[in-house]
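These notes concern the structure reproduced below.
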Amino acid sequence: MQHFTTSRHHDTPDELWITEHAPVYTLGLNRKQVRPPWRDDIPVINTDRGGKITYHGPGQLIVYFLLDLSRRKLNIRSLVNILESSVIDVLNERGVKAISSKEAPGVYVSMNPMQQAKIASLGLRVKNNCCYHGLSLNVDMDLSPFKAIDPCGYAGMQVTQTKDVGIHFDMQTAGEELIKKLIEKLEYKHD
């Protein structure tokens, strides 16, 4: 992502990368005063994305956005809104009410009337008005590694996944639905 971003030109096409990671904790640029994981069986990697600490693992959909924000006429706030609203729309279309929060970027669902749980996280980086890194959507994964950290730097933050809120789609379907929504909201033309 870094090489792609630093070597791109004004006419380099944007790219969306869809992937899934082996178990890893990642620390973003805002890593000061982050409590390290209490587990030592999962590697910890420093990254140059925004944010604090999160976990990535099998069963979690990752979408990386390699976008020229100027060409798309976007700023970081409008991009974050598009990413969050795309996830929210996919979940809403599957019957799950989801929301975003200005205090803590990402997408949340109600676990009960008193508690929200994070289902999707965002971590971006912008260089020369080009964005990279992206979002993660928890689909069908082992959530226990999140208990070893303060997700996104928030002690006690609850984390959930689509499987646990009644959405039973596989990774391919989740990716297809999310990418379709993102392409629509980013106003890309596609076949």
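The values are calculated or read from the model by the stated rules, or taken from the named source; none is laboratory data. All values derive from a computational prediction rather than experimental measurement. Note that each Cβ is placed from the backbone with ideal geometry, even for glycine, and that neighbours are counted across all protein chains shown.
Laid out as a table, the results:
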item: Filter result (over 18 Å from Lys118 (Cα atoms), without any contact (Cβ under 8 Å) to a residue 40 or more places away in the chain and among the acidic types (Asp, Glu)) within segment 163-183; result: Asp170, Glu176
item: Any strands (runs of 3 or more DSSP E) falling wholly within segment 1-104 and containing at least 1 residues that are exposed (fewer than 15 other Cβ atoms within 10 Å of the Cβ) and of a type in the set (Asp, Glu); result: 15-19
item: Residues that are under 16 Å from the mean Cα position of the chain (by Cα) and not hydroxyl-bearing (Ser, Thr, Tyr), drawn from segment 31-59; result: Asp48, Arg49, Gly50, Gly51, Lys52, Ile53, His56, Gly57, Pro58, Gly59
item: Selection from segment 121-145 of residues that are surrounded by 21 or more Cβ atoms within 10 Å (Cβ to Cβ) and in a loop (DSSP other than H, G, I, E, B); result: Val139, Met141
item: Residue satisfying all of: in segment 146-175; in a helix (DSSP H, G or I) and among the hydrophobic types (A, V, I, L, M, F, W, C); nearest to Leu29 (Cα to Cα) among these; result: Cys152
item: Residue match in segment 106-114 (condition: in a helix (DSSP H, G or I) and farther than 25 Å from Met1 by Cβ); result: no
item: Test set (1) part of a loop (DSSP other than H, G, I, E, B); (2) in contact with a helix residue (DSSP H, G or I) (Cβ under 7 Å, 6 or more places away or on another chain); (3) modelled with pLDDT of 95 or more - Leu178 fails condition number; result: (1)
item: Filter result for the condition that a residue is basic (Lys, Arg), buried (at least 18 other Cβ atoms within 10 Å of the Cβ) and either under 17 Å from Val90 (Cβ atoms) or within 17 Å of the chain's Cα centre (by Cα) (or both), over Lys163, Lys185, Lys180, Lys118; result: Lys118
item: Failed item in (1) over 26 Å from Ile167 (Cα atoms); (2) under 19 Å from the mean Cα position of the chain (by Cα), with Val107 passing the rest; result: (1)
item: Identity of the residue in segment 18-36, at pLDDT 95 or above and not aliphatic (A, V, I, L, M), that ends up farthest from Met157 (Cα to Cα); result: Thr19
